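As structure tokens, the structure follows; a few thoughts come after it.
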Amino acid sequence: MTKILTKHFDEPKLHELETYRRLGGYQGLEKALSMSRKDVTEEVKKSNLRGLGGAGFPTGGKWETVPPEEKSPGPRYVVVNCDESEPGCFKDRVLVARAPHQVIEGALIVAHAIDAHDAFIFVRGEYQNQYDILEDAIREAESAGYLKRCGMKLMRGAGAYISGLDTALLETMEGKKAWPRQPPPFPTVVGLMGRPTAVNNVETVSMLPHIMVNGGDWFAKIGAPKSGGTVVFSISGHVEKPGVYEFPMGVKLREVLAAAGGVKGGRKLKCVIPGGASMPPLVEKDLDVALDFDGVRAAGTFLGAGGMIVLDETADAVAVAHNIERFLAHESCGQCTPCREGSAWTERILGRLLDGKGTPDDLPNIQRVGENITGKVICALGDTVGVITRAYLAKFPEDFKKRAANG
Amino acid sequence: MGKLVKYRLNGREVEAEEGRLVIDAAKDAGVEIAHYCYHPALGNPGNCRLCVVEVAGAPKPMPSCRLPVKEGLDVRTDTDAVKRAQAGVLELHLVNHPLDCPVCDQSGECGLQDYYMKVGRYPSRAREDKEHKGKRIEAGPHVMLDQERCILCTRCTRFVDQVTKTHELGIFSRGHQERVEVAPGMTLDNAYSGNVVDICPVGALTDRDFRYKVRVWYLDHADSICPGCSRGCGISVHTSTKRPWHNEGRRVARLKPRWSEVNGHWMCDDGRYGFANLDTDRLGKVLRLRPERVELSWVDMAEELAGRLDGVKVVASGMLSNEDWAAFKALFVDTLTVQDLYFSAEPDQIGAEDDLLRKKEKVPNLKGAEALGLKSGSFDRLAEDLEAGKVRCLYVIERDLAKVWGEARARALLTQVPLLVFQGPNKGALGDLAHYRLPATAYVEEEGCFTNFEGNRRPYRKALEPIGCARPDWEIFKLLQEARS
């Protein structure tokens, strides 16, 4: 099985510069610096690399929208998004802890591509260990002279889930409340401190050194037609061997489950959340869905950030939906009304169903409330609030009906 | 003005400036779109999600406050999808709202009530308990905050961030527990704090001065000009006369800013709350107080007084309208050839100034006197003349000399004057010293025009009937002048 990012993860001291370099580290940066900015972007476009933080936006295409120096003179920034907060996602946590230099090297390649001289890595507040590791790695990279062209700074989040969204992350970095902005303009045009900014996920930037060394065509060939390379899943829930797994884009769900040892205790599968808690679930019949951005999209959900949660037949869909909606209600930033009010309302209705106080008209009502939220909000969190309960209701109506009949 | 382009609004082809927000362009074309967070002077955060419209080719409804007009844009505000979206969003605005309209001061002018009737009208389906937050928070000397009624449109926080730049209010916490709060260690006591009440579309921020005094549907309105300084801000005078037992018997219930190029959307707290004494200490009768108290008719007063005004010295103030100044000049300068006029702003009429609205001279119309070529003498000089017994007759118009010289000194100076005439709406501290006391209308009881410090004409309308037989100053001057001829 092809592995790119996790290939050397068995190497005990991969987080140290010496080991990383011995295994080919920083050659990608060297290669990139020998190329023109435009060629770097072209190579990445050729690779079909897409944003692995969840949005799946083509990475090279994103950089292209950074206005050229003559159109927007002044600083431009690189921000590496390591605010991994999606329930079920823990791949950035591992990628940073094991291979911090892979992230730093990738960020420096982005900096070259968009002509930035300052890069930031925004680390989730709870990731103290990862922060320390990155701090050491940046110090090493600095002594080795890699940060002469572009400096690198670390920043820590304060615990808000929404800060993981690019524009909310930029607000947080500016010291403001983590309220998402409403593009346009997009961060590549008006980003950090009003300057063009490329915000890329840890996993995305980690891919870049390998694309530089091996070429975009190599990368594109590994993956699915429109999603190049590999994807790192963090698998949790009712499986025998939870953990972080790397697969080529387009891998079948069935294969991923098998690699994780199958459903725990040999029980029947209920559903698989493919990308993190805020993605609608896949069910038994979807086992042959190709796990890449477009394949999962066609199955009615999202690849997200690869936070795969497996649930067996003992799970109650109402409890699952309630758990996720409770999280979303707690994390709703409160900026726009439908999400702020709708998330808590949905959570409370589901809570009542769980308490055995549901009534039959609760089901059409949560359906209706969901419709009133999705598509009428500022950011993806809000869209999710309206989607999640409806998705579980559509796939597991009997769980809901049972609860609704209690009242 | 930018390039004009054609776009479609509800199927009709309309012309608008390119880049103008659809919410504004539609309003220009006569289509009002429901909204809370958007305010032309405070930007378009797009958080209330109420102003959605349907755009041909767009997969979902778009907030019109963030949608610029461009050539060929096809916008609809009247489709079922738009109505459903607006009703749905409104329902979410109201799901944690306490619905305490019967005891809410905003009732009758509340965005939630208005839009419920206009775009809502859904049956209530909220069964869950409501979120509880702070109900009676004294945000500052003038403003009361009720966090439960708040819809978090952020207009007030944007006002204190962008307009006054004083940052007393902020959005705290998040999600459904989010609330507007006064920043720790601060109070909402900036010089413009009352404006947050005006811009609050719901009953979250109410005016402590106005609260529980009178229901808004009993109020009448008249366009006026604030007489509080030489800026001349456009205001609307809200009066309560239909239920005289309301509002503690005061006829003016509140002043609200009225948009004009001079003041934009705002007014200062000095002006807003400066009407408190409007109905107290008022004069309503034409009186001769010395040698004995006799009530006179206007005509008799004029007959009696006109002949005794030779050699008069005149104290006036920038409270006079342009019409008053003209009659003033005709009487005192042209007819009586008075040299000694005193009307400049002394410490009694000088106050705080800032770069937003407030001006130093706390009277509206010194410019009107200046325009007629009138010049003010020095009040110190007048005091000296009074002390020396050189003043045979002093005519004081709309000015409380106790505030110029201090009450004891003013009293001592004025007691010596053989003929003292007071004219104005209020008695003032020294009203008992006058030989003649003439009741004049307050600015809300007359119509007229001020000229502000920039030279702009600021016309104001009559909001109330005069008290007793009070007349505008210009009419009194005219009576006296006619009696002279």
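State all residues of segment B:384-404 that are part of a helix (DSSP H, G or I) and in contact with a helix residue (DSSP H, G or I) (Cβ under 6 Å, 6 or more places away or on another chain); if no residue qualifies, say none.
If the condition is that a residue be part of a helix (DSSP H, G or I) and in contact with a helix residue (DSSP H, G or I) (Cβ under 6 Å, 6 or more places away or on another chain), then B:LEU386, B:LEU401, B:ALA402, B:LYS403, B:VAL404 are the ones that fit.
Failed condition for B:ASP281, given (1) in contact with a Phe, Trp or Tyr (Cβ under 8 Å, 6 or more places away or on another chain); (2) of a type in the set (Asp, Glu); (3) surrounded by fewer than 22 Cβ atoms within 10 Å (Cβ to Cβ), with all others met?
Unmet condition: (1).
Regarding A:VAL244, is this residue of a type in the set (Val, Ile, Thr), touching a strand residue (DSSP E or B) at 6+ places or on another chain (Cβ under 8 Å), open to solvent by 30 Å² or more (accessible area, probe 1.4 Å) and within 21 Å of A:ALA99 (Cα to Cα)?
The answer is yes for A:VAL244.
Among the numbered criteria (1) without any contact (Cβ under 8 Å) to a residue 60 or more places away in the chain; (2) within 27 Å of B:ARG358 (Cα to Cα), which one does B:VAL180 miss?
(2)
Before we move on, is A:LYS270 surrounded by fewer than 19 Cβ atoms within 10 Å (Cβ to Cβ) and over 22 Å from A:LEU5 (Cβ atoms)?
No.
Among the listed residues B:LEU145, B:LEU152, which satisfies the condition of being farther than 17 Å from B:CYS37 by Cα, in the same structural domain as B:ASN263 (by TED's automatic domain parsing), in contact (Cβ under 8 Å) with a residue 40 or more places away in the chain and surrounded by 21 or more Cβ atoms within 10 Å (Cβ to Cβ)?
Result: B:LEU145 is the single residue among B:LEU145, B:LEU152 that is farther than 17 Å from B:CYS37 by Cα, in the same structural domain as B:ASN263 (by TED's automatic domain parsing), in contact (Cβ under 8 Å) with a residue 40 or more places away in the chain and surrounded by 21 or more Cβ atoms within 10 Å (Cβ to Cβ).
In segment B:199-233, what count of residues is obtained for those that are farther than 23 Å from B:TYR443 by Cα and in a loop (DSSP other than H, G, I, E, B)?
9
Going through segment A:249-261 one residue at a time, which ones are more than 14 Å from A:VAL289 (Cβ to Cβ) and open to solvent by 20 Å² or more (accessible area, probe 1.4 Å)?
A:ALA258, A:ALA259, A:GLY261
Considering each of B:GLU370, B:GLU323, B:GLU353 in turn, give the residue that is within 33 Å of the chain's Cα centre (by Cα), more than 19 Å from B:HIS435 (Cα to Cα) and in a loop (DSSP other than H, G, I, E, B).
After applying the criteria, what remains is B:GLU353.
Which ones in segment A:8-62 are among the polar types (S, T, N, Q), part of a loop (DSSP other than H, G, I, E, B) and crowded, with 17+ Cβ neighbours inside 10 Å?
Hits for segment A:8-62 are A:SER47, A:ASN48.
Among the residues of segment A:1-54, write down those that are in contact with a strand residue (DSSP E or B) (Cβ under 8 Å, 6 or more places away or on another chain) and of a type in the set (Ser, Thr, Tyr).
Residues satisfying the conditions are A:THR2, A:THR6.
Assess whether A:ARG340 counts as being crowded, with 24+ Cβ neighbours inside 10 Å and basic (Lys, Arg).
yes
Give me the pairs: first residue in segment A:238-251 and free of Cβ contacts under 8 Å to residues at least 60 places away in the same chain, second residue part of a loop (DSSP other than H, G, I, E, B) and surrounded by 20 or more Cβ atoms within 10 Å (Cβ to Cβ), beta-carbon distance under 6 Å, and six or more apart or on different chains, which are they?
A:LYS241/A:ALA260; A:MET249/A:GLY223; A:MET249/A:ALA224; A:MET249/A:SER227; A:MET249/A:ASP292; A:GLY250/A:ALA224; A:GLY250/A:ASP292
Out of A:ASP316, A:ASP362, A:ASP383, I need the residue that is open to solvent by less than 20 Å² (accessible area, probe 1.4 Å), charged (D, E, K, R) and touching a helix residue (DSSP H, G or I) at 6+ places or on another chain (Cβ under 8 Å). Which one?
A:ASP362
Looking only at segment B:422-452, which residues are part of a loop (DSSP other than H, G, I, E, B) and either open to solvent by 20 Å² or more (accessible area, probe 1.4 Å) or basic (Lys, Arg) (or both)?
B:LYS427, B:GLY428, B:ALA429, B:HIS435, B:GLU447
Tell me which strands (runs of 3 or more DSSP E) are completely within segment B:107-190 and hold 1 or more residues being within 12 Å of chain A (Cβ to nearest Cβ) and touching a strand residue (DSSP E or B) at 6+ places or on another chain (Cβ under 8 Å), or say none if there are none.
Result: B:169-172, B:179-182.
Residue under question is B:ARG158, and the condition is that it be open to solvent by 10 Å² or more (accessible area, probe 1.4 Å), at pLDDT 95 or above and touching a Cys at 6+ places or on another chain (Cβ under 7 Å); does it hold?
Taking the combined requirement at face value, the residue does not satisfy it.
How about segment A:344-395: which of its residues are in contact with a Gly (Cβ under 7 Å, 6 or more places away or on another chain), in a helix (DSSP H, G or I) and at the interface with another protein chain (Cβ under 9 Å from one of its Cβ atoms)?
If the condition is that a residue be in contact with a Gly (Cβ under 7 Å, 6 or more places away or on another chain), in a helix (DSSP H, G or I) and at the interface with another protein chain (Cβ under 9 Å from one of its Cβ atoms), then A:ALA344, A:ARG352, A:VAL369, A:GLU371, A:ASN372, A:ILE373 are the ones that fit.
State the number of residues belonging to segment B:444-485 that are polar (S, T, N, Q) and closer than 13 Å to B:GLU398 by Cβ.
0
For B:ARG288, indicate whether it is touching a residue at least 12 places away in the same chain (Cβ under 8 Å), open to solvent by 10 Å² or more (accessible area, probe 1.4 Å), touching a strand residue (DSSP E or B) at 6+ places or on another chain (Cβ under 8 Å) and among the basic types (Lys, Arg).
Here the answer is yes, as B:ARG288 does meet what is asked.
Which one is nearest to A:LYS31 (Cα to Cα), of the residues in segment A:209-221 that are open to solvent by 30 Å² or more (accessible area, probe 1.4 Å) and of a type outside the set (S, T, N, Q)?
Looking at residues that are open to solvent by 30 Å² or more (accessible area, probe 1.4 Å) and of a type outside the set (S, T, N, Q), I get A:VAL213.
In segment B:262-289, how many are under 15 Å from B:GLU248 (Cβ atoms) and of a type in the set (D, E, K, R)?
The number of residues fulfilling the criteria is 1.
Name the single residue, out of those in segment A:150-166 being within 19 Å of A:GLN130 (Cα to Cα) and assigned to a loop (DSSP other than H, G, I, E, B), that is nearest to the other protein chains (Cβ to nearest Cβ).
Only one residue tops the list, namely A:ALA160.
The values are calculated or read from the model by the stated rules, or taken from the named source; none is laboratory data. Please read all numbers here as calculations on a predicted model, not as lab measurements. Note that we place each Cβ from the backbone using ideal geometry, even for glycine, and neighbour counts take in every protein chain shown. All accessible areas refer to the heavy atoms of the entire protein, side chains included, with ligands and DNA or RNA removed. Shrake-Rupley method; radii C 1.70, N 1.55, O 1.52, S 1.80 Å.
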